[in-house]
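Here, each number is a calculation from the coordinates, and none is a lab measurement. Computed from a predicted model, the values in this text were never measured in an experiment. Cβ placement follows ideal geometry from the backbone for every residue including glycine, while neighbour counts extend to all protein chains displayed.
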Amino acid sequence: MKKCFYIAILLISVSAVVSCSKKNSYSSGGGNNPPPSGNAVAMSGMAFGPASISVTVGTTVTWTNNDAMSHTVTSNDGTSFNSGTIASGSTFSFKFMTAGTYAYHCTFHAGMTGTVVVTP
């Protein structure tokens, strides 16, 4: 009887581990974080996603840091916008008031780049 009890406990434990693994699995689409909507950009997996977005003048874009490390959102021209350090779980928002194409990057991670295209 004890042997059946231990086998049952083992099966329950394995089932719980498999269940947790499925809940914490990550896809190439940013893991468990919902995909960003029209004016939102996620920082996840050391990348901005989407890497390029289009918005109209007057739109506020919000970046959310879903990584465990800090990032920045810094315009390539060095003057349009600069978030400073964005800690894990924090956000940065910027309202685009002028049409144009705004390339940006993370100053901590050279491979993280993105673009906001602002139309009238």
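Brief remarks on what is shown
- Percent breakdown of C-alpha pair distances by 10 Å bin, ordered from the shortest bin, for the stretch 39-120: 21, 58, 20, 1
- The label-point distance for residue 98 and residue 60, in a model that sets each label 7 Å from Cα toward Cβ, rounds to 2.1 nm.
- Rel. contact order, % - alpha carbon contacts under 8 angstrom, at least six apart, the stretch 39-120: 35 percent
- Judged by the mean number of other Cβ atoms found within 10 Å, the most tightly packed of the peptides 91-100, 69-78 leads the ranking 69-78, 91-100.
- Amide H contacts of residue 107 (H built 1.01 Å from N, under 5 Å, at least 5 apart or other chain): 72, 74
- The rule of thumb for compact globular proteins, 2.2 N^0.38 Å, goes into the C-alpha radius of gyration of the stretch 34-85 1.14 times.
- Long-range amide H partners of residue 41 with built H, under 5 Å: 62, 63, 64
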